[in-house]
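The values are calculated or read from the model by the stated rules, or taken from the named source; none is laboratory data. The structure displayed is predicted, hence computed values, not measured ones. Virtual Cβ from ideal backbone geometry, glycine too; neighbours counted across all protein chains shown.
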Amino acid sequence: MSERNCARCILAIQRPSRRWVNRVLFAIWLAMLVTLAGCAGDKSILDPAGQAARDVRFIWWVMLGFGTVVLIGVTACWLYAFKPRDVVRTPAQERRIARRWIVGGGIILPVASITALLAFGVPAGQRMLPLPISDPPDVIEVIGHQWWFEVRYLQAQGSDQEGNNVVVTANHLVMPVGEPVDFHVSGADVIHGFWIPRLGGKIDMIPGRVNKIRLEADIPAVFGAQCAELCGVGHANMHLYVEAMPREEFDTWLASRQDEQLSEAATADTAHDDAREAFLNHCASCHRVAGVSSGTIGPDLSDIGSRATLGAGVIAMEEGAVSRWLKHHQSLKPGNKMPAHDDLEMDTLDALGAWLETLTP
Ligand code: HEC
Ligand SMILES: [Cu+2]
């Protein structure tokens, strides 16, 4: 075969392979573009709205940078290892070199990098601790249930230290903006995770134990939150709607949810007598409605008409949403712990839905 022919055949092989390289590069570029689209959004740690979350983001970037340096270093060593050499070493020399790698790469390098990470991480963690401060922050208790969040406002206006007259909601957390808030979290059944990514780090919600975290929102906004600990079939459908609002609005919000107002809203309208009756027969053992029932197995429904979502974020609250939930909740949120009410007439479910939607302060 002539040299010319050979050159042509090499070109023939290279041409498609270069196209493949281009394709792969393009795919990588596209994938990177897709990941960049994840930087904003209501659950993005890269879009912080509070000091604790800014600390978390800072550590994230430091670790990414550090990881990149390590990756480049390891790749360089790896390429170096492939370099052909013809040095002959005695077994003693070999052992000395191996020892240097073990001491350097196995002890000095990890100690140095973990120390550096702790230097960043410890102060950041410290800032999220509920340390005593002169002006004690509001305490909001959040309890994870399979698969919804119970929210209790302990030191809320109008409630006493014994916890009487506490304002209770579910799946909808309201907090004042521009001041720290202490979250006391626990779990009712299994371990859940409390995480508002734009406000700070996550913390476990453990049955029988109260974990505390201090968070602060800089801007009045709605933040997404999500259970961050695998807790059963409904885990992916366990969202929390977090709303940060100015202090006065927050106080008004709480004041409007005192039991007297809520029971007034729940009992005044006689047009809903049948629905209330059905509720007492079929729902009251699990759900509380101020002035009507006191069940605690499911979410408190006293202000359900004012929620943004139903079923811990599975559907948006809009006209007819409650009756849709009552009819289809097992397909909207498979496996959830509310029994299907197939035995009830569609009309009864519609009446229940219509009544519950009026429960707004
Ligand atoms: C055995 C207890 C039980 C009974 C009985 C029950 N529920 Fe529920 N209900 C639950 C639980 C648990 C949830 C939370 C489901 C989830 O999101 O995972 C729930 C959720 C709800 C929600 C959504 C609440 C929210 O915050 O998004 C509504 C509305 C509701 N139930 C209404 C009713 C009505 C009306 C009845 C009577 C026909 C009823 N429930 C009977 C346990 C019960
Ligand atoms: Cu979970």
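Which residue out of 316, 312, 284, 321 is surrounded by 13 or more Cβ atoms within 10 Å (Cβ to Cβ), in contact with a Ser or Thr (Cβ under 7 Å, 6 or more places away or on another chain) and aliphatic (A, V, I, L, M)?
Just one listed residue meets the conditions, 284.
For region 270-293, does any single residue satisfy the condition of being free of Cβ contacts under 8 Å to residues at least 12 places away in the same chain, assigned to a helix (DSSP H, G or I) and within 15 Å of ligand 1 (Cβ to nearest atom)?
Scanning region 270-293 turns up at least one residue that is free of Cβ contacts under 8 Å to residues at least 12 places away in the same chain, assigned to a helix (DSSP H, G or I) and within 15 Å of ligand 1 (Cβ to nearest atom).
Only one of these conditions is not met by residue 115: (1) modelled with pLDDT of 90 or more; (2) part of a loop (DSSP other than H, G, I, E, B). Which number is it?
Exception for residue 115: condition (2).
For (1) outside the structural domain of residue 338 (by TED's automatic domain parsing); (2) within 16 Å of ligand 2 (Cβ to nearest atom); (3) at pLDDT 95 or above, each residue gets a yes or a no:
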| site | (1), (2), (3) |
| --- | --- |
| 181 | yes, no, no |
| 205 | yes, yes, yes |
| 214 | yes, no, no |
| 226 | yes, yes, no |
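Being surrounded by 12 or more Cβ atoms within 10 Å (Cβ to Cβ) and either outside any loop (DSSP other than H, G, I, E, B) or free of Cβ contacts under 8 Å to residues at least 40 places away in the same chain (or both) is the filter here, so list the residues in region 344-353 that pass it.
348, 349, 350, 351, 352, 353
Just a yes or no: is a residue in region 185-194 away from ligand 1 (no atom under 16 Å from the Cβ), within 27 Å of residue 333 (Cβ to Cβ), of a type in the set (D, E, K, R) and surrounded by fewer than 21 Cβ atoms within 10 Å (Cβ to Cβ)?
No - not one qualifying residue is present in region 185-194.
Please determine whether any residue of region 326-343 is more than 7 Å from ligand 1 (Cβ to nearest atom), surrounded by fewer than 16 Cβ atoms within 10 Å (Cβ to Cβ) and over 28 Å from the mean Cα position of the chain (by Cα).
Checked region 326-343: at least one residue is more than 7 Å from ligand 1 (Cβ to nearest atom), surrounded by fewer than 16 Cβ atoms within 10 Å (Cβ to Cβ) and over 28 Å from the mean Cα position of the chain (by Cα).
Residue under question is residue 198, and the condition is that it be of a type outside the set (S, T, N, Q), in contact with a helix residue (DSSP H, G or I) (Cβ under 8 Å, 6 or more places away or on another chain), touching a residue at least 24 places away in the same chain (Cβ under 8 Å) and surrounded by fewer than 22 Cβ atoms within 10 Å (Cβ to Cβ); does it hold?
no
Can you name the number of the only condition in (1) more than 18 Å from residue 166 (Cα to Cα); (2) away from ligand 2 (no atom under 16 Å from the Cβ) that residue 311 fails?
The one condition residue 311 does not meet is (2).
Could you tell me which residue of region 231-257 is farthest from ligand 2 (Cβ to nearest atom), considering only residues that are assigned to a loop (DSSP other than H, G, I, E, B) and surrounded by 18 or more Cβ atoms within 10 Å (Cβ to Cβ)?
Going through the qualifying residues, I end up with 257.
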